[in-house]
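The values are calculated or read from the model by the stated rules, or taken from the named source; none is laboratory data. Since the model is a prediction, treat every value here as computed from it, not as a measurement. In this analysis, Cβ positions are derived from the backbone assuming ideal geometry, glycine residues included, and neighbour counts consider all displayed protein chains. With ligands, DNA and RNA removed, areas are computed over all heavy atoms of the protein, side chains included. Shrake-Rupley method; radii C 1.70, N 1.55, O 1.52, S 1.80 Å.
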Amino acid sequence: MTVRPTARGWNREFVPHTESRPNSNSRERSQSRERPRQRLVDVSSDLIKMRSRRSGLMESSRTLYSSFSRSIELSLDEIDAAKFIQENFKKRECVTYTKDPRSPEGVCKCGYSRSQHTEGIQSNQNEKWNYKKNTKEVPTDAYGDIQFEAFGRRGKYIRLSRDTTPEILYELMTKYWQLKTPNLIISVTGGAKNFSLKPRMRKIFSRLIYIAQTKGAWIFTGGTHYGLMKYIGEVVRDNTISRSSEEKVIAIGIAAWGMVSNRESLIRSPNNEGNYVAHYVMDEQKRDPLYCLDNNHTHLILVDNGTHGQPTTEAELRASLEKYISELNVPDSNYGGKVPIVCFAQGGGKETLKAINTAIKSKIPCVVVEGSGQTADVIASLVEAEGTTLASSAIKEKLLRFLPRTVSRLTEDEMESWIRWIKEIMENLHLLTVIKIEQAGDEIVSNAISFALYKAYSTNEQDKDNWNAQLKLLLEWNQLDLASEEIFTNDRRWESADLEDAMFAALVKDRPKFVRLLLENGLNLRKFLTSEILSELFSENFSTLVYRNLQIAKNSYNDTLLTFVWKMVLNYQRTYKEERNSRDFSDIQDLSPIIKHPIQVLFIWAILQNKRQLSKVIWEQTRGCTLAALGASKLLKSLAKVKNDINAAGESEEIANEYETRAVELFTECYSNDEDLAEMLLVYSCEAWGMSNCLEMAVEAKDQQFIAQPGVQNFLSKQWYGEISRDTKNWKILLCLFFFPLISCGFISFRKKPSDKKRSHLRKYFDFFTSPFVVFSWTVIFYIGFLLVFAYVLLMDFQPVPTGLEIAVYVLVFILLCDEIRQMYMSGIKYFTDLWNVMDILAILYFIAGIVFRLHRSNSSALYTGRVIFCLDYIIFTVRLIHIFTVSRNLGPKIIMLQRMLIDVFFFLFLFAVWVIAFGVARQGILRLNEHRWEWIFRSVIYEPYLAVFGQYIADVDGTTYDFDHCTITGNESKPLCVEMDNDHNPRFPEWITIPLVCIYMLSTNILLVNLLIAMFGYTVGSVQENNDQVWKFQRYFLVQEYCSRLTIPFPFVILAYFYMILRKMFSCCCKQQEPEPTHCCSKKEDTETLAWEAVMKENYLVKLSSQNNKCTEMEQKFKQLEGKLHDLKRMMKDITIKIK
């Protein structure tokens, strides 16, 4: 096994290999580059100085210099590339005229006429023409950018000699053409003649292009706008129309220079030293044996051997380039340090067969499409006949079957060559993979390529024992079945360290099934998740959009868990990157306890990025998975509220609901097994989730389904009744509040524990009166008494000097104030998130304001103001009593309905205000002129139209019934202003406008808007009624937690406890006490036992879940089989009907 490297970077760009040159050549090359560079810099400096002097503006010269410097950088890059090409790339020219006897026009055997040769050439009549002997290399004159005139597309091109070394060519492509090192090479070969492409074949090519996009692959083709290459180019075009430049497909065409039509336009002018743009015209109507270049290829390599009209001269260079790239050592490759190459064959004839033969000899795997015709079908049929004797006659029979016209024109020697090539191919069956064109689906192509690459790796002498490289390859292509069957076999043992590289890649690439496979085969997830790994995940593999949404959610909701997770993410990013802005970390606290829970941290990383399946696999490995599921639900619901993308927000909501369901089902499994341990699980808290327990997390996430399940409700009932047995009737408890001796007489039953002895009478009284339900009952009774006394004082005993009852009211309000201060101190900022707490504070503040006015008894006006404030405050105190009714199963949901209906009314008032203002202003303006009294304007514009909704008739719009005794003309009386009158002292307003206006207003408000409000109320009531029981149980939690967190002393005697707490606090400040060390989660024996038991229950739950899924899968398969049988029966009946007719 290979050792995992410390620095991870499977997807990083590989710096291309460059061959070292002698020092003298490199020095000359650097000097030659510096000369034009210096000339450009000097020219640019002079130009800037001239313009600066001419304008005299420093700012404009600075702007000009920056823009010009950018153009200089571009020019320098182009000059460097041009120099590199001129020094390293050549073209070939024929220097020996050898007349071709088959050509009547005196054409040389190179394909050019004598006039097209250079002057002073030699003539040769006897020797055979050979490009190495009869041609010479001169610097190339065709390179730069190619612009296709008819289509507006642009790419790179170069003309080069057939003997160009692949090292130099690869350096040009990666360094000067700035192509990223490929992760894969797909070499496509097939028919070079025009043919009609089958739709299934187009689908295969479309999938091939998609693979190239996603894998960062290069595609090698013939590069011409003819045959297979033309269709490949069209598919590249169609698949990249809506893609960004970062996802551009690299389609590299390698063609013969002598076979290119209109190639004269590609030759540069002698004086052009910089970038050259060749304007290429595609003349598809031209009738000659030459080919047009394809306009959809991004790069074109034109191979020149000094000939004209002779095809396939590029094959040798293409094969050498592919072999060179396949042998490159790429340390950061996903395939064990190599760049894999696969040959993809479709149809084709002799050249396709030779290409496949060359690839097989170079140990390059080939994928052959069966059903595409010709050579591909010959090889596919022979592969299917594996195991039979491969005789020459059998091969010839296949050739005659699939290539009848081509074979009929072959000589005996050529036929022998074909048969020899096929036999050489069939000797390496492990490098051949056949796919059927009729079965071409979305995954067939990718599966075939991955299988071909794996077979090549697993049978290669150098790589067959490199299991890590094979595992990386299968993981890259997501081939789980192959990995489980071929890599993880029983005869091979894997160490955890050997799988860590693959695990990291599986996490980053979101391969949940591979993560599960690696865990099942020995990877220790806890040891793998070091602080460095988590820091890299949160830094290099964490979406900036997710981080931004997390920060927005934290700032919007001021939530403890969101703040904690945000600080955790920021902490891991800080440890990964040394240089960060210090202000980003001003809030960071010590998060070292989280290191003890790396699996939970990894789970949070997956949840934040909506990795649904991956997060489920990690969740199965966590401890405290009930808490983790609820925490995931909380995070996802919070992030869904701030996401702008509706689809992403909906997906987050779906995943949150799935985890809520998992938490419910898992806790139900736990509770059915052991109630006591399940209840301990509810109060278990963990640092990885901000020290929140399951109940707190479920409430913050508003997971009503979890809170409403029987196990949680039984736990809340135990807390609610304290030591009193839940079997005790409520009326018995209420009766004992007034008749205390009944407690010691056995009238009340208490919970029994195995370790408890017989309760003493004092213990029974203590357990009874410290029960939260008893405290709640006492509080309700005394609160009702407080309201009765307060009402008596306001109605019957409000004197200038406060009476005893009024002072008693002051004392009770002071006790309420002390209780609110204690709650505020305990809850912090969360206190103000509860509407009832805000109402309590508001009532107490109003009461204090009333006391301030009321104590000025010498001022009757202030005394009256104080009484009015007390009366208004009494309303708030009385409405506060509604909160007590949430304990009732019947009244509790009704309170929720009222709260939601108030929200409906709030939105309804916006619509209603539009009609009121519109009608009120129009009515006032039509009836009256220049009313200056604001109070009467308000009455006429707002108040009277508002009352009309409740049935009050608006009478001043009818001139026949208008009463001038109830108005004032001058506006000096406390009456409304009279309507404007005409010269005859009659109302001026036109009744044909005012009366229809009133009718329209009454119709719109009393019928449309009021019925809309009723419909809104009906929908709200219906939605709450559907989950009536669930809503009540969820609201009940808050009441139970409120009284369980209070002091177990009934109101109003709790004031004594407050005095005691203040005195103890004062003494503790004088005497310093050693604070107990904070206990970490899982450090207690009880927590460890509870989590171990939960892990067992989790396994049982997952087994049941898996069996349910298997049953569903079996049912689906049965339905599919039944559907197939019905289809066959239908077809049979149709055949019978046709025969009968």
Residue match in segment 1076-1088 (condition: outside the structural domain of Val699 (by the TED database) and modelled with pLDDT of 80 or more): yes
Cross-chain or 6+ apart pairs with Cβ under 8 Å, segment 1104-1133 first and outside the structural domain of Glu620 (by the TED database), then open to solvent by less than 100 Å² (accessible area, probe 1.4 Å) and modelled with pLDDT of 75 or more: Lys1104/Glu669; Leu1105/Glu665
Residue under evaluation Ser827, criteria (1) open to solvent by 80 Å² or more (accessible area, probe 1.4 Å); (2) modelled with pLDDT under 85, criterion not met: (1)
Where Phe908 falls short, out of the listed (1) under 30 Å from Gln1030 (Cβ atoms); (2) assigned by the TED database to the domain that holds Leu1008; (3) surrounded by fewer than 16 Cβ atoms within 10 Å (Cβ to Cβ): (3)
Breaking point among (1) in contact (Cβ under 8 Å) with a residue 24 or more places away in the chain; (2) open to solvent by 30 Å² or more (accessible area, probe 1.4 Å); (3) not assigned by the TED database to the domain that holds Glu327, for Glu149: (3)
Tally, over segment 210-230, of residues that are farther than 20 Å from Tyr335 by Cβ and surrounded by 24 or more Cβ atoms within 10 Å (Cβ to Cβ): 6
Residue list for segment 784-817, restricted to those being crowded, with 17+ Cβ neighbours inside 10 Å, among the acidic types (Asp, Glu) and not in a helix (DSSP H, G or I): none
Among residues of segment 917-936, those that are touching a residue at least 24 places away in the same chain (Cβ under 8 Å), more than 16 Å from Ile995 (Cα to Cα) and not in a loop (DSSP other than H, G, I, E, B), counted: 2
Single residue of segment 1024-1040 satisfying the filter (in contact (Cβ under 8 Å) with a residue 24 or more places away in the chain and open to solvent by 30 Å² or more (accessible area, probe 1.4 Å)) that is nearest to Val949 (Cα to Cα): Gln1025
Filtered residue count, segment 365-378, keeping only those that are under 42 Å from the mean Cα position of the chain (by Cα) and open to solvent by 10 Å² or more (accessible area, probe 1.4 Å): 3
Every residue from segment 257-315 that is of a type in the set (Lys, Arg) and either assigned to a loop (DSSP other than H, G, I, E, B) or at pLDDT 90 or above (or both): Arg268, Lys286, Arg287
Any hit, segment 800-813, residues being at pLDDT 90 or above and under 53 Å from the mean Cα position of the chain (by Cα): yes
Residue check for Thr668: among the polar types (S, T, N, Q), in a helix (DSSP H, G or I) and either free of Cβ contacts under 8 Å to residues at least 24 places away in the same chain or open to solvent by 20 Å² or more (accessible area, probe 1.4 Å) (or both): yes
Residues of segment 496-524 classified as part of a helix (DSSP H, G or I) and either in the same structural domain as Arg612 (by the TED database) or not hydrophobic (A, V, I, L, M, F, W, C) (or both), total: 8
Check on Trp731, outside the structural domain of Asp840 (by the TED database), aromatic (Phe, Trp, Tyr) and either in contact with a strand residue (DSSP E or B) (Cβ under 6 Å, 6 or more places away or on another chain) or open to solvent by 20 Å² or more (accessible area, probe 1.4 Å) (or both): yes
Scope segment 420-446; condition surrounded by fewer than 18 Cβ atoms within 10 Å (Cβ to Cβ) and part of a helix (DSSP H, G or I); matching residues: Arg420, Lys423, Glu424, Met426, Leu429, His430, Glu438, Gln439, Ile444
